[in-house]
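Every number in this text was worked out from the coordinates using simple rules, so none of it is lab data. Here the structure is a predicted model, which means the values were calculated and not measured. Using ideal geometry, Cβ is built from the backbone for each residue, glycine included, and neighbour counts are taken over all protein chains shown.
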């Protein structure tokens, strides 16, 4: 196939060339005149499965003939029959061993990292060990690192790396994947040195970014019938430029660095690198422009010399569009619009970006036109229905069941997927409403059954619901695991619980959990974990749940048949092996493309360099190579967002270089070409704005509905009068529309609940202290509070905080209560102190409960009301908060049967907040008779047809806080606007 050569055989293909198609064309061209079976004797080694698949598709397209032996770099077994290396140990097994090591490290030194980073540290450690093996760096090199001028963290990291490597060396005789790959390649190259193969061996598509791969490339390039084909080789960097570069100074972030490194290792001048095929890039002039813009820093002076020779730049960039969107959302919308246009015109179009957030936004924008792009990254398994389901089930094992976790799982589409799914959904809705109504923050068996029985009384078929609820109580409760257990037991428990939840009540019914692509992938992950679980030792349920999340996040699920065939989303790696009519480079901002190097918790840059490991710049160099290939396509879009959600962004360094070069060449039309690129992008930005344009709807006015008299409330509580004064609209919504706010599913110990519990404590304490004076102590108050809180408050932290708050006021309250009981005795508390007052002339009833009413020996009444916060001032009571004034008027009119008609001597708010205080009602300034007259006038006014229920008439604050603010569309109007009355029928 190849003529004898006195130098290593290295070929290249220019950026922008369809690499797989040109590779096949070159193979066929070089085998012209050879027997047809010559192709079958070619060993063709490629670096990705996608490349392998694409090559097979090209050969299948014809003409008919033999196929070469297409192998992957990671699957070289059988390349040389005489070479056999034992199989590698499972990567998961190694990972579990490392998890145990990192766990012991964190237990020994918790200051190193939080426990939540256990699996991230294990992954980074595994990646580092793989890199050490791939680059041929021994553990001794790490031990020899000089860290005397480094922080103590690096000393600890170095010691642990040494321990980890020694442990792995001694833990098993089996090789891990990277060690096996290096040993296999070393053995193969050694055999080739003794017995060179006679058949052609070609390695194509790799940049040689890893040491093991570079070793294989060097060996193949020197074989008698061996060759290396480089993707995206820059032919516009002349031999003189390559010769001027110092191997010590060429930065690794240059796109051609890996090729330069290969040529240096092979002592091969750039002039000896041949073009593999007669395949021209879409625009040689554009390739020259991009090449010059990326010229390495040591020879950037070439801009001044070579720039004027670039030719007509507007012509070179006529198929390049630059979109500089104001926000990521607009960027995504512009990309989606262009992809839609390509789909309509039958073009193949691809978005290339490492920014997964941008790809999700583009996918969402395309959904409006019912276009689903073919995303090469697929969906992370952890975000698929089975992945989410398994993570939720694992969550049941790590913590006490709460209402949110229960309803989340009950509503999951894979729960109860065996049979009677519709009935299960109905029962789930009924249970949710019951939990919201009665409150059940931490469901247990007793609480679920009790709540369900109350709800079942209102159902047509209660027995079906109760039978289903028994299944829920049995399966979902009491699954939290407190102590450590062997990983194998945790996996078994997890799978048993997952199948029980997915199967539903009919345990024999076949469920949907392990079906479809996502289910099969999830089952594969769980089966693999179950197989290697003995290597994981014992762990806590919380660590196990984190492990499940980490394992699922490392897998992807794709459905090749569903997406649009001509609209693709590629990662930068896929861009090397595919071809498209339109290529969109998205997210070209620094930190996104190129991506910022990830933090390394083990070795800093200097330590990496001293040990001979890969530097962070290598990743930037690979991204730069991907950029150089992608921007050389036939039609190209370059997009970026000027501002992110947080701050202004910085353009990618490659865009900055291109801008500086072009705008510095006005004689070549560079400034004009740059302006034209931006103008084409601006046109699409205008289209996006037009698509998003909306007809402005006038804001809603401040409502003041006037319902019919018959629909207006005829009965209100004492506490509702304050709301009628401050926010009449809320009274209208609650009593006329009969709307009630739905309680939160995730209940919290809020101020309302704190007030209810405080009233229970005080009622119980005061009653006990009245019956037995020896119990009138702060100790008994605290004991009563603790007893009530244990029963009523399931949140341990809230119990402790509230008990502490009561403790701060206990002595003050007991002292004041002792004084109160010297001149009066309690006769009615909240449950028994219910009163009603009729305004017979207007047909209105006022009712309410008093927290506490005492009677003196003279028959005078004393009214008390407990407040957990700051009580209303006297001025507020006179104008708005008239609760005690109204209760006093009701007592004097005999509204409370337990008290009868009595003169009210005092009405006092007892504030039990941070600063305990007593604030009396201004009875001397506003008598009970005047209060009733004023209340009569207020109620009468709202029973007149021309009186509207104005929203937020005297609101306490301008912030959202009312239950009906959203219904009133508060925010579209404010308190400075006049209300707009509306007569309702």
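A few points about this structure:
- Cβ-Cβ distance of residue 305 and residue 678, R₀ of 22 Å, FRET efficiency by 1/(1 + (r/R0)^6): the value works out to about 0.20.
- Residue order for 217, 801, fewest other beta carbons within 10 angstrom first, comes to 801, 217.
- Part-to-part distance (alpha-carbon centres) for the stretch 589-649 and the stretch 662-691, which is given in Å: 25
- Legend: calculated FRET efficiency, residue 634 to residue 605, from the Cβ-Cβ distance at R0 = 45 Å, rounded to 0.05, equals 0.70.
- Alpha-carbon gyration tensor eigenvalues x 5, square-rooted, for the stretch 1-135, Å: 45, 17, 15
- Global form of the stretch 827-942, assessed from the alpha-carbon gyration tensor, a/c cut-off 1.5: oblate
- Annotation for the stretch 509-553 versus the stretch 732-757: alpha-carbon center distance of 41 Å.
- The listed peptides 63-76, 365-378, ordered by packing as a protection proxy, come out as 365-378, 63-76 (highest mean of other Cβ atoms within 10 Å first).
- The C-alpha atoms of the chain define a longest principal axis, and helix 445-456 lies at about 70 degrees to it.
- Rounded FRET efficiency, nearest 0.05, which uses the C-beta distance separating residue 984 from residue 377 and R0 of 51 Å: 0.40
- For the stretch 280-320, convex hull of alpha carbons as volume per residue, Å³: 71
- When the alpha-carbon atoms of the stretch 766-886 are used, the pair Rg, Dmax equals 17.2, 52 angstrom.
- Over the chain, equivalent-ellipsoid semi-axes from the Cα gyration tensor in Å: 73, 36, 27
- Scattering curve values for the stretch 299-444, log₁₀ I(q)/I(0), Debye with Cα scatterers, q = 0.19 Å⁻¹: -1.10
- Normalising the Debye intensity of the stretch 421-506 to I(0), with uniform scatterers on Cα atoms only, and taking log10 at q = 0.11 Å⁻¹ returns -0.36.
- Per-residue ellipticity at 222 nm from helix content only, as computed over the chain with -39500 (n - 2.57) for each DSSP H run of at least four residues, stands at -14500 deg cm²/dmol.
- Between the stretch 807-866 and the stretch 933-985, the alpha-carbon centres lie 31 Å apart.
- Degrees, to the nearest 10: 751-771 long Cα axis against longest axis of the chain: 40
- Fewest neighbouring Cβ atoms within 10 Å first, the residues 317, 868 line up as 868, 317.
- Theoretical gain in end-to-end length, residue 955 to residue 744 [0.36 nm per residue, Cα-Cα removed]: 73.6 nm
- The stretch 766-822: Cα Rg divided by the 2.2 N^0.38 Å rule of thumb: 1.18
- As a length-normalised measure over Cα pairs under 8 Å and 6 or more apart, the relative contact order of the chain settles at 14 percent.
- Taking a ≥ b ≥ c as the square roots of the Cα gyration tensor eigenvalues, the stretch 186-264 comes out prolate, since a/c reaches at least 1.5 and a/b is larger than b/c.
- C-alpha long axis of helix 118-134 to longest principal axis of the chain, angle in °: 0
- Residue order, fewest to most surrounding Cβ atoms within 10 angstrom, among 880, 160: 880, 160
- Here the label points at residue 915 and residue 523, each 7 Å from Cα along the C-beta direction, are separated by 6.9 nm in the simple model.
- Difference of contour (0.36 nm per residue) and Cα-Cα distance, residue 815 to residue 240: 197.3 nm
- Three-way shape call for the stretch 876-985 based on the alpha-carbon gyration tensor, with the a/c threshold at 1.5: oblate
- The value obtained for the stretch 381-557, namely the Cα convex hull volume divided by the number of residues, is 101 Å³ per residue.
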